[in-house]
1. Can you give me the distance in nm between label points at residue 53 and residue 36, each placed 7 Å from the Cα along the Cα-to-Cβ direction?
2. Report P(r) for the chain: all Cα-Cα distances, bin width 5 Å, range 0 to the bin holding the largest distance, values in whole percent.
3. With θ set to phi - 60° and the Karplus curve 6.51 cos²θ - 1.76 cosθ + 1.60, what are the ³J(HN,Hα) couplings of the range 50-63 in order, to the nearest whole Hz, using x for Gly and Pro?
4. Given the Cα-Cα distance of residue 61 and residue 7 and 0.36 nm per residue of separation, how much length would full extension add, in nm?
5. Summarise the accessible area of the chain (1.4 Å probe, protein heavy atoms) by the percent that is carbon and sulfur.
6. Quick one: putting +1 on the C-beta of Lys and Arg, -1 on the C-beta of Asp and Glu, what dipole do you get for the chain around its Cα centre, in Debye to the nearest 20?
7. Would you grab the residues whose amide H sits under 5 Å from the one on residue 5? Only those 5+ places off in sequence or on another chain, please, with H modelled 1.01 Å from N.
8. Given a 1.4 angstrom probe, what's the average accessible area per residue across the chain, in square angstrom?
Amino acid sequence: MIKAEMAGTVWKVLVKEGDSVEEGQEVMILESMKMEIPVEAEEAGVVKRVIVNEGDFIDVDADLVEIE
């Protein structure tokens, strides 16, 4: 499970269900305090579920993407 490291708004989702991702690949970009913060996959795998949508406000430790 990829979790948010800070609160912010989901600016752009870069993956969809079924996509293969590599460790360190950007899966989405958050916006917080006028800064763009990339969110990276912590391990390689396949995206099982994208939990948030572009425009959603998320809190610290919110689930963002499930990878199997």
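1. Calculated label separation equals 2.3 nm.
2. Histogramming the chain at 5 Å steps yields 4, 20, 33, 26, 14, 3, 0 percent.
3. Coupling constants for the range 50-63: 9, 8, 10, 10, 4, x, 5, 8, 10, 9, 4, 6, 5, 6 Hz.
4. On the way: separation 54, 0.36 × 54 = 19.44 nm, distance 0.83 nm.
The residue 61-residue 7 span can extend by a further 18.6 nm.
5. Answer for the chain: carbon and sulfur cover 47 percent of the accessible area.
6. Rounded to the nearest 20 debye, it is 240 debye.
7. Result for residue 5 returns 61.
8. Solvent-accessible surface per residue comes out at 64 Å².
The values are calculated or read from the model by the stated rules, or taken from the named source; none is laboratory data. Please read these numbers as outputs of a predicted model, since none were measured by experiment. Note: ideal-geometry Cβ built from the backbone for every residue, glycine included; neighbour counts use all protein chains shown. Side chains included, ligands, DNA and RNA excluded: accessible areas come from the protein's heavy atoms. Shrake-Rupley method; radii C 1.70, N 1.55, O 1.52, S 1.80 Å.
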